[in-house]
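Each remark here refers to the structure printed beneath this line.
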Amino acid sequence: MDAADIAAGRERWQQRYDRSRTRDADFTTLSGVPVDPVYGPAPGDTVEGFERIGWPGEFPYTRGLYPTGYRGRTWTIRQFAGFGNARQTNERYKMILAAGGGGLSVAFDMPTLMGRDSDDPQSLGEVGHCGVAIDSAADMDVLFDGIPLQDVTTSMTISGPAVPVFCMYLVAAERQGADLSKLDGTLQTDIFKEYIAQKEWLFTPEPHLRLIGDLMQWCAAEIPHYKPLSVSGYHIREAGSTAAQELAYTLADGFGYVELGLSRGLDVNTFAPGLSFFFDAHVDFFEEIAKFRAARRIWARHLRDDYGATSEKALWLKFHTQTAGVSLTAQQPVNNVVRTAVEALSAILGGTNSLHTNALDETLALPTDESAEIALRTQQVLMEETGVTNVADPLGGSWYVEALTDRIEAEAEEIFTRIRDLGHDATITAGILRGIEDGWFTATIAEAAFTYQQSLEKSEKKIVGVNVHNATITKGLEILRVSHEVELDQRHQLGDRKKGRDSVRVERALERLIATARSGENMIPAMLDAARAEATLGEICGALKAEWGIYREPARF
């Protein structure tokens with residue numbers, strides 16, 4: 001790019017920056033030296049390929065979505081939390097919010113993630129152990145008691161039974177007197193990544209996509225600020241993928257949901273801003289920064305060129321980041337504080353919109369109050385003390401970072417071509433479905449995980465406290481243990497709730513739900529009615545399983 005074009009770009013950035021609101025904050029170094037809001041080529045310089053780097057807030061958004069960077073608004077501190085019953089988790093949420101958290105992120109227990117009630121025989125021993133148990137809208141009432149849902153952004157990490165859980169959240173908001181159209185938050189709902197990596201599905205892909213399409217349509221019309229889909233790469237990376245695979249598989253899933261929205265007759269400029277993303281921040285500092293920068297650039301280009309998006313917000317890739325759980329070690333767990341801080345910093349320098357930092361004891365158990373506070377304070381130290389919020393994309397123009405960004409983008413593009421080739425009609429969706437059916441995704445991730453494990457065992461890759469620097473004077477941790485009484489109490493409450501509700505109303509609501517499923521109409525209103533009647537998650541999912549069947553992954557060797 002020649003000097004004149006670079007100068008014109010800087011002028012466009014300056015005009016947008018001047019029109020933007022910035023925080024009332026001290027934008028100087030620790031020594032008191034003022035810093036500019038952005039840095040770029042010197043006047044008169046020519047930079048080959050600078051159009052791929054650009055300026056913050058301008059296509060292709062390599063350097064971020066906003067001209068102000070974090071000077072305008074810092075990332076949202078959104079700590080993922082949930083354990084035991086709704087009352088216990090409500091107490092943790094209030095602690096997080098009081099300590100400076102900016103939003104809530106709900107972790108559900110395994111029975112809830114699988115669409116089962118707490119009294120289901122298959123739930124035995126799992127209730128409340130990896131997240132909070134939610135059986136009906138009454139549990140949602142308790143979960144958010146004293147927390148005005150209209151004023152707090154709420155993320156829910158659940159995919160298979162995401163839609164009925166979302167309806168229970170809406171009912172809890174109604175009972176608070178909230179204006180549903182004002183709700184803001186994110187529902188994960190990403191069923192593609194379940195088949196690819198996490199394995200928490202209920203039905204075959206087609207019924208799940210039917211529900212997701214209904215949800216996209218309903219939210220676009222009724223809750224315009226709510227994001228009904230968070231396309232998740234986190235679980236793909238945690239399963240053992242490379243950074244390029246995480247990026248490519250995640251964005252491919254996102255393209256598949258764009259194709260779903262278009263197939264429903266939705267305007268891409270209307271529904272695409274409601275898609276958000278969820279990435280892993282692993283421990284290779286610069287590779288992760290490059291991944292995040294490449295993600296924005298790839299998404300903007302494909303949405304514009306392949307799917308016809310014209311509005312700026314439709315081209316924006318907004319993403320949440322969680323530090324890498326798979327990088328945490330049971331050996332010398334205090335080292336996990338350092339790992340998490342480094343990973344969080346990579347997400348920040350990559351321009352994340354919200355962030356969760358893992359606790360040091362999460363490889364052993366759910367976080368204690370103390371370790372959860374340390375995780376929260378990690379973000380606050382980075383935000384308040386390090387100066388990383390002063391300059392937009394401070395690594396932009398680094399030879400190393402730009403080369404890594406280009407490299408990971410090129411690898412992702414090669415993977416997109418492979419996925420399209422898997423299908424029968426050159427669409428991403430057909431390729432994803434075929435890749436799921438053939439086990440292509442799981443096989444490629446397994447190969448990447450195996451290669452990395454070999455490098456660890458050969459000590460080519462190092463993990464402190466595991467295969468290097470093993471000696472330690474640190475002692476074991478006191479970990480959080482969820483009492484078996486939690487499960488007994490949850491089952492007892494659920495039994496009482498079933499006895500006290502209007503069973504005829506529940507039965508009619510479930511009958512209407514199935515009739516709607518057969519009619520092809522949008523299923524959200526009928527599912528809302530079932531949630532209002534206190535139909536349980538297991539009853540709603542059970543009725544749909546009876547109608548649609550369940551999915552069993554083919555055996556592969």
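For LYS291, indicate whether it is closer than 30 Å to LEU262 by Cβ and open to solvent by 40 Å² or more (accessible area, probe 1.4 Å). Taking the combined requirement at face value, the residue does not satisfy it. I need every pair where a residue in segment 195-207 that is acidic (Asp, Glu) has its Cβ under 7 Å from the Cβ of a residue that is open to solvent by less than 20 Å² (accessible area, probe 1.4 Å) and in a loop (DSSP other than H, G, I, E, B), sequence separation at least 6 or different chains. Within 7 Å, the pairs are GLU200/SER159; GLU200/GLY160. Let me confirm something: among LEU202, LEU215, which residue is closer than 18 Å to VAL165 by Cα, in contact with a strand residue (DSSP E or B) (Cβ under 9 Å, 6 or more places away or on another chain), of a type in the set (A, V, I, L, M, F, W, C) and open to solvent by less than 10 Å² (accessible area, probe 1.4 Å)? Testing whether each residue is closer than 18 Å to VAL165 by Cα, in contact with a strand residue (DSSP E or B) (Cβ under 9 Å, 6 or more places away or on another chain), of a type in the set (A, V, I, L, M, F, W, C) and open to solvent by less than 10 Å² (accessible area, probe 1.4 Å) leaves just LEU215.
The rows are residues; the columns are (1) touching a residue at least 24 places away in the same chain (Cβ under 8 Å); (2) under 17 Å from LEU215 (Cα atoms); (3) in contact with a strand residue (DSSP E or B) (Cβ under 8 Å, 6 or more places away or on another chain); (4) in a loop (DSSP other than H, G, I, E, B).
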residue: LYS475; (1), (2), (3), (4): no, no, no, yes
residue: VAL482; (1), (2), (3), (4): yes, no, no, yes
residue: LYS498; (1), (2), (3), (4): yes, no, no, no
residue: VAL506; (1), (2), (3), (4): yes, no, no, no
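If you go through segment 419-436 and pick out every residue that is in a helix (DSSP H, G or I) and free of Cβ contacts under 8 Å to residues at least 12 places away in the same chain, you end up with 3. Only one of the numbered conditions (1) under 15 Å from the mean Cα position of the chain (by Cα); (2) modelled with pLDDT of 95 or more is violated by SER276, and that is (2).
Scanning segment 1-22 for residues that are charged (D, E, K, R) and either closer than 11 Å to THR46 by Cβ or assigned to a helix (DSSP H, G or I) (or both) yields ASP2, ASP5, ARG10, GLU11, ARG12, ARG16, ASP18, ARG19. Kindly indicate whether ALA98 is without any contact (Cβ under 8 Å) to a residue 24 or more places away in the chain and either within 22 Å of the chain's Cα centre (by Cα) or over 20 Å from GLU485 (Cβ atoms) (or both). When the stated conditions are applied, ALA98 passes them. Each residue in segment 257-270 was checked for being surrounded by fewer than 23 Cβ atoms within 10 Å (Cβ to Cβ) and either closer than 30 Å to ALA341 by Cα or not β-branched (Val, Ile, Thr) (or both), and 9 pass. Screening VAL401, VAL391 for residues that are part of a loop (DSSP other than H, G, I, E, B), at pLDDT 95 or above and surrounded by 15 or more Cβ atoms within 10 Å (Cβ to Cβ) leaves exactly one candidate, VAL391.
Matching residues to (1) more than 26 Å from PHE203 (Cβ to Cβ); (2) touching an Asp or Glu at 6+ places or on another chain (Cβ under 9 Å); (3) surrounded by fewer than 19 Cβ atoms within 10 Å (Cβ to Cβ):
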| site | (1), (2), (3) |
| --- | --- |
| GLY102 | yes, no, yes |
| SER105 | no, no, no |
| PHE108 | no, no, no |
| ASP117 | no, yes, no |
| GLN122 | no, no, yes |
| SER136 | no, yes, no |
| ASP139 | no, no, no |
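Checking segment 315-328 against the condition returns no match, with no residue being closer than 18 Å to ALA412 by Cα, of a type in the set (D, E, K, R), surrounded by fewer than 24 Cβ atoms within 10 Å (Cβ to Cβ) and modelled with pLDDT of 95 or more. Residues in segment 69-90 that are of a type in the set (S, T, N, Q), more than 20 Å from the chain's Cα centre (by Cα) and surrounded by fewer than 22 Cβ atoms within 10 Å (Cβ to Cβ): 2 in all.
Return the total of residues in segment 40-80 being touching a Leu at 6+ places or on another chain (Cβ under 9 Å) and assigned to a loop (DSSP other than H, G, I, E, B). Here the count works out to 7.
Scoring ASP489 on the criteria (1) open to solvent by 60 Å² or more (accessible area, probe 1.4 Å); (2) in contact (Cβ under 8 Å) with a residue 40 or more places away in the chain; (3) closer than 20 Å to LEU170 by Cβ; (4) among the acidic types (Asp, Glu) leaves a single failure, condition (3). The numbered conditions (1) free of Cβ contacts under 8 Å to residues at least 40 places away in the same chain; (2) closer than 19 Å to GLY102 by Cβ; (3) small (Gly, Ala, Ser) are all true for ALA330 except (2).
The values are calculated or read from the model by the stated rules, or taken from the named source; none is laboratory data. This one's a predicted model, so the numbers in the text were calculated from it and none came from an experiment. When we count neighbours, we look across all protein chains shown, and the Cβ atoms used for this are built from the backbone with ideal geometry, even at glycine. Remember, those area values only see protein heavy atoms, side chains included, never the ligands or the DNA or RNA. Shrake-Rupley method; radii C 1.70, N 1.55, O 1.52, S 1.80 Å.
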